[in-house]
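Quick notes on the structure that follows.
The numbers here are math on the coordinates, done by the rules we state, and not lab data. The structure presented is a predicted model; accordingly, all values stated were derived computationally and were not measured. Every residue, glycine among them, receives a Cβ derived from its backbone with ideal geometry; neighbour counts consider all protein chains shown.
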Amino acid sequence: MADIKTLRKTLLSNKASWSVNKKLLDIDEIPKYTTGASDENLAISSDVKKMDFNKLLAEAPGNPFLRSRQIAMGLSKARAGEREISLGTPHGADYEPGPLGALPGSVDWRSRWGWPWITTVRDQNGCNACWAFAATALVEAMVRVEHAVWCTRSEGDVHKGMGAKCANLGNIGSALDWIKNNGLADPDCFPWTTSDIAYAPTGDRNGRTVKIPAYSAVGSVQDQKTWLDSVGPLATWFGVWHDFFAYGSGVYHKQATIGGQPNHYEGGHFMLVVGYDDSAQCWIVKNSWGTGWGQGGYGRIGYGECDIDKYAKYGLKGNNPDPWTKSRMHSGNMIESGNGSLHRNFEMLATANGTQIRHWWRDNQAAGFPWVQGSLFGNDAACCPTFTSTTFNRNFESVHLTTGKRLHHWYFDQAGSVWRDGGIFGPTDAAGVPGFIQGNYNAPGNFEVVVRTADQKLNHWCRDGGGWHDGVRFASGVAFSGPSLLQSHYGAKGNFELVCVLNSGKMQHWWRDNDHGMVWKSSSSFGSGIQSPPCMIEGQYGAASEKNVGNFELCVAAGGKVQHWWKANYSDGKWKNSATFGHDVSSVVALVEGSFSFNLELIVLRTDKKLQHYWRDGAGWHEGPIIGSA
């Protein structure tokens with residue numbers, strides 16, 4: 001075993017293009033990491049047919065940056081009725097596509113078009129599980145790229161789900177096949193562990209998995225670069241030699257010897273390719289050896305080095321995120337579902353014929369994005385329901401204020417494709433629009449509802465396996481409650497957050513400290529002259545990784561217009577009014593940040609009792625179509 005001092009001298013003598021990790025001391029031996037890759041059944045790059053990107057990219061992605069690249073590369077054409085692509089972002093990262101058909105000199109998905117796209121580096125921690133980590137990293141990256149939302153998946157779910165032990169080798173194709181057939185769950189469903197324990201996920205696993213289609217083998221280096229530019233990251237096989245364990249920075253090329261002694265082959269390894277750099281002639285990879293290796297867990301490997309281009313690289317397109325992943329991204333009477341060819345249709349519930357409820361949906365792949373009327377149900381709705389999607393078999397669930405001053409629960413049974421009555425519950429003096437979410441307590445997670453009552457307080461109810469339970473009443477002088485309840489990334493357990501409107505016309509932010517006693521606490525008040533229910537989500541702006549709190553985005557009607565407010569959770573934590581827009585607005589009934597990049601989608605109830613869509617991209621707020629009556 002060579003020491004670090006000897007390796008440093010070797011690299012200096014050979015004028016190597018890379019250097020040893022600065023954290024390693026001269027007296028240290030070269031460290032040892034586990035790999036775990038089997039190359040069984042991997043396709044040889046030269047045997048893979050050239051990709052037909054025009055066929056592959058026939059359906060327009062929601063990511064406008066990718067759409068622009070596909071059009072600029074001549075891989076796709078803009079279609080009639082397609083939403084105009086506006087590539088400006090609120091933090092100024094405009095995109096210039098470059099010459100028609102020309103690949104860029106470099107691509108790096110860690111930061112592209114002013115946004116981060118890659119989840120944090122993990123550590124396989126002594127287990128031969130690189131294949132599970134690379135597959136998980138690929139799924140997480142493509143959910144982010146295709147649906148503009150951070151997604152945390154569990155390497156343990158695929159590892160133990162396949163019956164693997166830490167001593168076993170594995171294959172990326174086998175892992176992706178298993179995920180294709182079974183989905184990939186979050187860590188709270190079944191965590192990563194180096195212990196060889198039995199696979200025992202939570203009972204609601206089916207409702208909390210990201211589903212993927214068949215994956216693609218990408219053969220030639222040219223096709224791999226085109227994929228990286230116009231689709232997303234790729235998983236790769238790589239042959240690890242002993243000196244690679246000590247890599248720190250630069251472009252890695254294997255040394256034939258270390259201090260005159262042969263370099264040793266250590267085994268195959270899978271990693272995620274997040275980009276390339278032609279000027280440096282290298283791939284940019286995300287490893288699974290923790291942030292202490294390389295450049296914070298990332299490295300650069302020369303083209304063709306250590307057989308990195310011998311086998312095809314593997315990519316995904318068209319994943320279907322789980323309701324858990326999107327749970328903070330919608331509030332009010334509309335969600336983005338997993339329906340449609342690209343798993344991004346909007347589903348909406350609104351009142352109809354007085355007190356009935358109509359299910360609407362928007363086809364988010366068809367030209368012009370048409371709204372379609374669905375089924376009618378119920379007969380006691382006093383206002384538009386508050387709508388969500390849950391881990392109960394991915395069922396849609398809704399709660400609405402009744403004409404009898406109670407709350408009524410309905411759910412869409414995905415197995416039977418029918419709306420079913422979930423029963424009446426709640427206070428006998430309900431007097432507001434309810435906030436409604438599925439939280440993370442228990443599995444499946446409890447339902448949580450907060451609604452204004454006639455005594456001008458807020459009443460919190462929850463439903464567990466034993467039914468609905470009346471919780472505390474808190475606050476005072478509340479004029480309006482709304483679909484503004486969410487479970488944020490604040491706190492280890494995820495604090496509850498909501499905003500109500502006081503009799504003074506100000507909005508009041510409340511939060512429940514779920515780590516310390518589950519007590520509701522008041523926070524800042526803001527705004528003035530508000531006389532309608534607020535609608536709030538936690539979005540992706542400000543969330544630098546899947547571990548960060550995104551900005552709170554809030555829209556509320558005032559004076560016939562919409563006010564957009566946001567809370568900068570990553571900086572000063574203050575509420576700011578960013579825009580006032582629209583006309584003839586009575587109330588805001590839905591707010592969604594969906595798969596159309598990081599756009600906000602808004603549904604308002606107009607003064608003429610009709611529903612209208614507004615949306616915001618990098619160029620600002622746009623007035624959309626009037627959908628129908630409510």
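Taking 0.36 nm per intervening residue step and subtracting the Cα-Cα distance, what contour gain separates Lys23 from Arg420 on full extension?
Details: separation 397, 0.36 × 397 = 142.92 nm, distance 5.99 nm.
Full extension from Lys23 to Arg420 adds 136.9 nm.
Where does each of Met334, Met507 land when they are ranked from fewest to most other beta-carbon atoms within 10 angstrom?
Ascending number of Cβ neighbours within 10 Å: Met507, Met334.
Check the cysteines of the chain one by one and keep only those with no other cysteine Cβ under 4.7 Å from their own.
That list is Cys130, Cys151, Cys189, Cys282, Cys306, Cys383, Cys384, Cys462, Cys500, Cys535, Cys555.
So how strong a dipole does the chain carry about its Cα centre when Lys and Arg Cβ are +1 and Asp and Glu Cβ are -1, to the nearest 20 debye? Walk me through the numbers on the way to the answer.
Working: 59 positive and 59 negative charges, 139 e Å.
Charge dipole, the chain, about its Cα centre: 660 debye, nearest 20.
Taking 0.36 nm per residue of separation and subtracting the Cα-Cα distance, what length does fully extending Arg110 through Asn181 add?
Values: separation 71, 0.36 × 71 = 25.56 nm, distance 2.88 nm.
Between Arg110 and Asn181, full extension yields 22.7 nm more.
Is it possible to state the helix-based mean residue ellipticity at 222 nm for the chain, with each DSSP H run of 4+ residues giving -39500 (n - 2.57), the sum divided by total residues, to the nearest 500 deg cm²/dmol? What is it? If you can, show how the numbers build up before the last one.
Details: 8 runs with 73 residues, N = 630.
Value at 222 nm, helices only, nearest 500: -3500 deg cm²/dmol.
Would you list Trp520, Trp192 from fewest to most Cβ contacts within 10 Å? Mind showing how you got there, number by number?
Values: Trp520 18, Trp192 22.
Fewest to most other Cβ atoms nearby, the residues stand as Trp520, Trp192.
Which order results if Val418, Val549 are arranged by neighbouring Cβ count within 10 Å, fewest first? Kindly include the intermediate steps, with their values, before the conclusion.
Details: Val418 11, Val549 20.
Going from sparsest to densest Cβ surroundings: Val418, Val549.
Which FRET efficiency value, to the nearest 0.05, do you get for Asn41 and His264 by plugging their Cβ-Cβ distance into 1/(1 + (r/R0)^6) with R0 = 35 Å?
Numbers: r = 26 Å, r/R0 = 0.74.
That gives a FRET efficiency of 0.85.
With the crude spin-label approximation of a point 7 Å out along Cα→Cβ, what separation in nm comes out for Asp455 versus Val519?
If labels sit at Asp455 and Val519, their model points lie 2.0 nm apart.
What distance in nm separates the two pseudo spin-label positions at Thr257 and Gln222, each 7 Å out from Cα along the beta-carbon direction?
If labels sit at Thr257 and Gln222, their model points lie 4.0 nm apart.
Near the amide H of Tyr252, under 5 Å away, which other amide H atoms are found, from residues 5 or more places off or on another chain, if H is placed in the peptide plane?
Arg300, Ile301, Gly302
Step through the residues of region 581-593 one at a time and calculate ³J(HN,Hα) from phi using the Karplus curve (6.51 cos²θ - 1.76 cosθ + 1.60, θ = phi - 60°), rounding each to whole Hz and writing x for Gly and Pro.
Each residue of region 581-593 in turn: 7, x, 7, 6, 9, 8, 7, 8, 10, 7, 9, 9, 10 Hz.
Over every pair of different alpha-carbon atoms in the chain, take the mean of 1/r and invert it; report that Kirkwood radius in Å. Display every interim value, and only then the final one.
Values: mean 1/r = 0.0387 Å⁻¹.
Hydrodynamic radius (Kirkwood, Cα only) of the chain equals 25.8 Å.
Can you list residues whose amide H is under 5 Å from Ile627's amide H, if they're 5+ apart or on another chain and H is modeled 1.01 Å from N?
Correct list: Leu611, Gln612, His613.
Using only the alpha-carbon atoms, how far is helix 172-182 inclined from the longest principal axis of the chain? Give it as 0 to 90 degrees, nearest 10.
That helix lies at roughly 20 degrees to the long axis.
What is the list of residues in region 119-155 whose amide nitrogen lies under 19 Å from a point 7 angstrom out from the Cα of Thr194, following Cα to Cβ?
Only 121-134, 154-155 pass the distance filter.
In nm, give the distance between the simple-model label positions of Ser571 and Asp464, each being 7 Å from the Cα along the Cα-to-Cβ direction.
4.1
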